[in-house]
Ligand SMILES: Nc1ncnc2c1ncn2[C@@H]1O[C@H](COP(=O)(O)OP(=O)(O)OP(=O)(O)O)[C@@H](O)[C@H]1O
Ligand SMILES: [Mg+2]
Ligand SMILES: [Zn+2]
């Protein structure tokens, strides 16, 4: 479904992505793991049109989408949940969801929008309870769920997730990963996931890539990466394992 | 259920190129970071891994030879620390210049999966009983077969070499359904059966899987008629995996190469030029999943050609033609590789310096035979009969001991053979 071939990207003079090639098959959950600054976020931003691609191609269902504006990609079914939960704090949970559902509203009208919001409430019960609260007053985990729900409102086929578990309590992390897994198995959603919490992410993934200073150094089935001693030492630290288990 | 992993075996060719590009780029990034040899030879041609943008760019990289592997003995070509290696094998090739190959846990998983894929394609199921009549220890193949068969859920009898009569007895009593051995060993078993009056029809043997030495279609026909089983060919090399590189599908029209783990090229061994599909030349292998011992453009020495046409079995991976010859002076004798250099060193040890000699290889019926022809010269026993005889005896003993089986040694007049032909392989694989 998604295919990157030799993607290169720079921040000014710094060459951040070096010939990144990867793919995500339809219905797959794929994780990119890597240390801080390896280029994980940049990869996701390049896919969703937020970061210029200096060289290389990105294909969505065989169609070249390199350099296509982020807004257009949303209409093509790509949703990006960025690092650090970008929600609109001074707006209510409900209004945030409406904002996420702009596309649905434009194409199918008010009734369908209501319907979609209702289905989000079904998946994220806690958001229903908090629908009239300002988003800024939600807990970290609730904000992450809201960010996820907002992205899902655009009815994506491909979901790009940047560190959804960052800074969250273990129980919430567990819940978020459970939801991602559910979205894949029930809705056939395709997911590209970035995680520092590699252990938890790989457990719900089909495959994974290891990114090291902008280069892909390893590609394998998730279970193989989980048992790879080098990956274990570098990315599946003890603390993280304990958090998850 | 003809496929072990249909989505991989019948993968769309375009998707396969993506998989290969990703695997190749990741492999290059790893070897550049972790293996001094590759860093050095890449720097010499001013290449960094980022320069590889397409599979075609692979052509720019230098070849890796068996000499390189020998020079980096034991661990210098390993791309992971030794503590991550869970298995070590040595090649049967050349014990004077040994080569050690390492496997990580994931390499072992891939090897097992590929062997399972291979055996399954040939018809092995969990109900089968496999008799592995290959030498454990001196070869890596039997370990691969055992793991792959167990992965399928079949029963494995790790028989190792063993006397033909014992093999036949086990085959009959244990109700072996699949025989795995060298093709010549299969013929020795056939003869043992005839001598023991065991009717192959009375056995439940259903399949033979053969490899590790060249064998032709006529030998296949002979095995099939004497053992009353279909005989399938499998190809591998310890530097990569044995088995698990290429194997026959039911169509038996070439061996499918596991292109999700290897990239194959065929080159002109003299010039190094890559030849177009369909041309015969030396097989060059690049690994795209191996962790401990990656190979970048490894020259196998085996002569084959690549067929990219779709196969009637539905598998999309390319096929290599059956391998009957090599482009170097390595001889595969009874499943073990031997070079004239090795024999030369033995002769030199006995004589002080190596005499002029020629190695003649024949295959009589069911075993490879080696004839060592040594030229008589002025310097070399002109007329001392007794000394001559003793020398011949010593050479016979030393070479036979080295190989583990009896060779023939003969002194010949000068002019009997062409000095440029150190190996004369009389075996015809038709
Ligand atoms: N806006 C920027 N300008 C300059 N350099 C940047 C910028 N953003 C990131 N970088 C640098 O680019 C490299 C890759 O950054 P990126 O955010 O993609 O990494 P990451 O793998 O997501 O890591 P993190 O865990 O920090 O999120 C780093 O060296 C980083 O310092
Ligand atoms: Mg990041
Ligand atoms: Zn076939």
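Just so you know, all these numbers are worked out from the coordinates, no wet-lab data involved. Note that the structure is a prediction, hence the values are computed from the model and not measured. Here Cβ is always computed from backbone atoms with ideal geometry, including for glycine, and neighbour counts include all displayed protein chains.
Odds and ends about this structure:
- For chain A, a Gaussian network of Cα nodes joined below 10 Å ranks A:84, A:109, A:140 by mean-square fluctuation, and the top entry is A:109.
- Take the Cβ atoms of residue B:386 and residue B:329, set R0 to 25 Å, and the FRET efficiency comes out at 0.15.
- Each label point was placed 7 Å from the Cα along the Cα-to-Cβ direction; for residue B:56 and residue A:88 their separation is 4.9 nm.
- Average beta-carbon neighbours from other chains, 10 Å sphere, peptide A:13-26: 3
- Taking the square roots of five times each eigenvalue of the Cα gyration tensor of segment A:92-155, the equivalent ellipsoid has semi-axes of 19, 10, 10 Å, listed largest first.
- Förster-model FRET efficiency, 25 Å R0, residue B:348 and residue B:166, C-beta, rounded to 0.05: 0.05
- For chain B, the extents of the C-alpha atoms along the principal axes are 70, 62, 42 Å, listed from largest to smallest.
- Nitroxide proxy distance, nm - points 7 Å out along Cα→Cβ at residue B:75 and residue A:11: 3.7
- Degrees separating the helix A:140-153 axis from the principal Cα axis of chain A, which is the longest one: 80
- Rounded if a/c under 1.5, otherwise prolate or oblate - chain A, Cα gyration tensor axes: oblate
- Within segment B:307-325: backbone nitrogen closer than 20 Å to the residue B:14 label point (7 Å, Cα to C-beta): B:308-311, B:315-318
- MRE, 222 nm, helices only [DSSP H, n ≥ 4, -39500 (n - 2.57), over chain B, to nearest 500]: -10000 deg cm²/dmol
- Legend: translational diffusion of segment B:339-425 by Stokes-Einstein, Rh = Kirkwood radius over C-alpha pairs, 10 °C, 1.306 mPa s; D = 120 µm²/s.
- Across peptide A:220-230, the average count of Cβ atoms from other chains found within 10 Å of a residue's Cβ is 4.
- Peptide B:45-54, shielding by other chains (average Cβ, 10 Å cutoff): 3
- Using alpha-carbon coordinates, inclination of helix A:170-187 to the longest axis of chain A, degrees: 90
- Against the main long axis of the alpha-carbon atoms of chain A, helix A:110-123 sits at an angle near 60°.
- Sum of -39500 (n - 2.57) over DSSP H runs of 4+, divided by residues of chain A (222 nm, nearest 500): -12000 deg cm²/dmol
- Separation of the residue B:225 and residue B:367 label points, Cα + 7 Å toward Cβ, nm: 2.4
- Each principal axis of the Cα cloud of segment B:81-214 was evaluated for its coordinate range; sorted largest first, these ranges are 54, 36, 23 Å.
- The mean sequence separation of alpha-carbon pairs under 8 Å and at least six residues apart, normalised by the residue count of chain A, gives a relative contact order of 27 percent.
- GNM flexibility winner over chain B from B:319, B:297, B:53 (Cα, springs under 10 Å): B:53
- Dividing the mean sequence gap of close Cα pairs (under 8 Å, 6+ apart) by how many residues segment B:1-329 holds gives a relative contact order of 18 percent.
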